[in-house]
Amino acid sequence: MTPPRRLNVASGRQLESLAHYSRALRVGDTVLQSGTTAIDRQGHVRGEGDVAAQVDAIMKIAAWSMGKAGGRLDDVVRSRIYVTDIAVGDAAARAIAHYFRDARPAATLVQVSGLARPQQLVEIELDAVDGAGASARRISSGGPLEAVYSYSRAVRVGDRVFISGSTALRADGIVGAGDLYRQTRATMDTILGALAEAGGVPGDLVYTKTYLTDPAQGAEYTRAFVEALGDVRPVSTLLGIPALVRPELLVEIEAEAVIGAARTRRDIYTQHQREKPRGYARAVAIGDQVHVSGCTSISAAGEMQAVGDWARQYDLALDTARWALEQAGASLDDVVRRRTFTVAGARQNRGHGEGPTPFAKSHPTSLGCRISGLARPELLVEVEVTAVKGAGAGIQWIAPDPVDPLD
């Protein structure tokens, strides 16, 4: 196997070196941008109190860092926008829409419980694929927000399909108000409909992420999710969040698919296959790419471990991710994107750079935020990773420019 071309880009922000991540990276034809906020190299938040100004600062950083990796904003195929107050969601979405009038990427916007600093109002993560600006097929569902916020329900580039965060919101109202089961079924109908229009089948789904406003109702979500998917088992991360774009909405789901994956995918489960009846696989390998479901400190036998200890829960989550990657022929060195979701109020009892440092040599892209809850109340943190086999070898490192792009 020839290692994919890998470039890591540093922007000179202190946390990148402490927490071992890159501001952006290239792997093959894909450029990934870390979850980015409006913080400059001196540690000051630009645009304090103004979410549109913060979006503009973030996009300046992204244009610079993705550009250093040979990427372009015009080739962005997915954006994730995490705001700390859904009341500023409209302003944030309109601000980012100015940058994507033509690209119209798949998009997700939800409220999270907190970012690293209270002055930070928004964090944005981006994925781009070379040439997508010219070659991508953009699919609209006719939903009421797609035109306003310049995004697509789905974007197909080659054999990859990126599906926006989808809900039960329709032009004539919300399907299943107050009913999580019905909202989940309606949401999955939208996702599977977009996938079909892109030329895919349910078995091509390899990744999902679900945002619930009340994770205590998770059983109703799971029942609907499993019914919609039948025997298909993508990877899945389930997060409790404070709010979606409308107060009546209970669930939002985003997804990715690879056309043809139904024939060639390899689904990986832990020893007792606890994942399967819950509608997901621990990992899905397709070609050189490995998606790993959100991992926690729950053991393969379903036992809750390290109650009250954030650091130990984080380490156990990474142990599970490492195991899953090894089953697929990859390693933590091959991780190109990691995301860490910590429950609001949990004490993070270990600082950045302390304890085990599995990413010290590879510096994947990273996103971290606070969320309102996880699948069990004892859980404090969930970690999700994506890897590309061979991506840990032959990394080229791009240093910051002398001047911050915000200056």
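Hey, can you list the DSSP H helices of the chain whose Cα span along the axis is 20 Å or longer and whose average Kyte-Doolittle score is at least 0.5? Helix filter hits for the chain: 51-68. Taking Cβ atoms as reference points and 14 Å as the exclusive limit, the residues near A328 contribute a net charge of 0, counting Lys and Arg as +1 and Asp and Glu as -1. Using a probe of 1.4 angstrom, how much of the accessible area of the chain is carbon and sulfur, in percent? Of the solvent-accessible surface of the chain, carbon and sulfur hold 49 percent.
Report note on the peptides 312-319, 250-257: ranked by the mean count of other C-beta atoms within 10 Å, highest first, their order is 250-257, 312-319. For segment 147-238, a Kirkwood hydrodynamic radius built from all Cα pairs, placed in the Stokes-Einstein relation at 25 °C and 0.890 mPa s, yields a translational diffusion coefficient of 176 µm²/s. Straightening the chain between A171 and A216 buys 13.3 nm, computed as 0.36 nm per residue apart minus the Cα-Cα spacing.
Using a 10 angstrom cutoff on alpha carbons, build the Gaussian network for the chain and name the most mobile of H363, H291, H352. Between H363, H291, H352, it is H352 that shows the largest mean-square fluctuation.
Full extension of the chain between N349 and R94 yields a length gain of 88.1 nm, computed as 0.36 nm times the residue separation minus the alpha carbon distance.
When Rg and Dmax are taken over the Cα atoms of the chain, they come to 19.4, 54 Å. When each of the peptides 354-362, 370-378, 205-213 is scored by the mean number of other C-beta atoms lying within 10 Å of its residues, the order from highest to lowest reads 205-213, 370-378, 354-362. The residues packed around G71, meaning those with a beta-carbon under 11 Å from its beta-carbon, carry a net charge of -2 if Lys and Arg are +1 and Asp and Glu are -1. Springs join every pair of Cα atoms under 10 Å in this Gaussian network model of the chain, and among A387, A95, A62 the largest mean-square fluctuation is at A95. In a simple Cβ point-charge model (Lys, Arg +1; Asp, Glu -1; nothing else charged), segment 189-322 has a dipole of about 380 debye relative to its Cα centre. Of the beta bridges in the chain, as assigned by DSSP with both residues counted there, near 75 percent are antiparallel. Pick out, from G353, V251, V335, the residue whose Cα sits farthest towards the positive end of the charge dipole of segment 226-353, with +1 on the Cβ of Lys and Arg and -1 on the Cβ of Asp and Glu. Checking the options against the dipole of segment 226-353, the answer is G353.
Using the eigenvalues of the Cα gyration tensor, what equivalent ellipsoid semi-axes result for segment 1-126 when each is taken as the square root of five times the eigenvalue, whole Å, largest first?
The answer is 24, 18, 12 Å, longest axis first.
The mean sequence distance of close C-alpha pairs (under 8 Å, at least 6 residues apart), as a share of the length of the chain, puts its relative contact order at 19 percent. A 1.4 Å probe run over segment 32-77, with the rest of the protein chains in place, finds 34 Å² accessible per residue. Excluding K389 itself, calculate the net charge of residues whose Cβ lies under 9 Å from the Cβ of K389, where each Lys or Arg counts +1 and each Asp or Glu counts -1. My count for the surroundings of K389 gives -2.
Ordering W323, W310, W397 by how much accessible area each has at a 1.4 Å probe, largest first, what is the list?
Numbers: W323 90, W310 15, W397 140 Å².
Most to least solvent-accessible, the answer reads W397, W323, W310.
With both labels modelled 7 Å from their Cα along Cα-to-Cβ, the R101 to D404 distance reads 3.0 nm.
Measuring with a 1.4 Å probe in the full set of protein chains, what accessible area per residue, in whole Å², belongs to segment 251-407? Roughly 40 Å² per residue, with all protein chains present.
For the pair A360 and A53 in one chain, pulling the backbone fully straight at 0.36 nm per residue adds 107.3 nm over the alpha carbon distance.
The values are calculated or read from the model by the stated rules, or taken from the named source; none is laboratory data. If you're wondering where the values come from, they're calculated on a predicted model, not measured in any experiment. Positions of Cβ are generated from backbone atoms using ideal geometry, with glycine treated the same way; all protein chains shown enter the neighbour counts. Just so you know, the surface numbers come from the protein's heavy atoms only, side chains and all, with ligands and any DNA or RNA stripped out. Shrake-Rupley method; radii C 1.70, N 1.55, O 1.52, S 1.80 Å.
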